[in-house]
Amino acid sequence: MRYGLYSAILTCSFLSAQALAAQELKEIACGRNLEKAGAPPQMVLDPSLHVLDQTRAGKFDPGAPPAGYAIKSIFCARSDIVPAPTDYKVVQSGYPLMIFARDKDDKANRTRIAVLEMSGGQLRLRSVGQAGFTPDMIQRIQTFLDTSLPEFGKVSR
């Protein structure tokens, strides 16, 4: 009985913390990485692309690329490098998600870059660049991955 009560309290605390973290996460801007045969890749901001809103509401759709181009990945500038609970839907739709976030308390004013992608059949978040992840970030990323994996195989409606 005690185990069930502790488990329920822990689950409620975890869900409350997740909800609070999701409320605090801000998406600054998003865009698409486009490729065209014979042309260099382009990172194009798209003011109408709102990954957080789309993935919370249902299935992710990046929109149609310009004629002759293919969408290779999606990118977003955000207030935190740790993915939102529903960001797995971007990868589920076939696109890696690159997240850019400035360190809030870093005097060097570094930007962290991470890529949410499939690798060897597994969903993963890897750091790109020199900043890496702090131990706190690693713990929050692992929580995201642990909760996303069961959802990843489900089909969004």
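Where a number appears in this text, it was derived from the coordinates with a stated rule and is not lab data. Please read all numbers here as calculations on a predicted model, not as lab measurements. Here the Cβ is made from the backbone with ideal geometry for all residues, glycine too, and neighbour counts use every protein chain on show.
Details
- Residue count for region 85-118 satisfying the condition of being on the phi < 0 side of the Ramachandran plot and touching a strand residue (DSSP E or B) at 6+ places or on another chain (Cβ under 8 Å): 22.
- Sole residue being free of Cβ contacts under 8 Å to residues at least 24 places away in the same chain and surrounded by 14 or more Cβ atoms within 10 Å (Cβ to Cβ), chosen from R126, R78, R112, R102: R102
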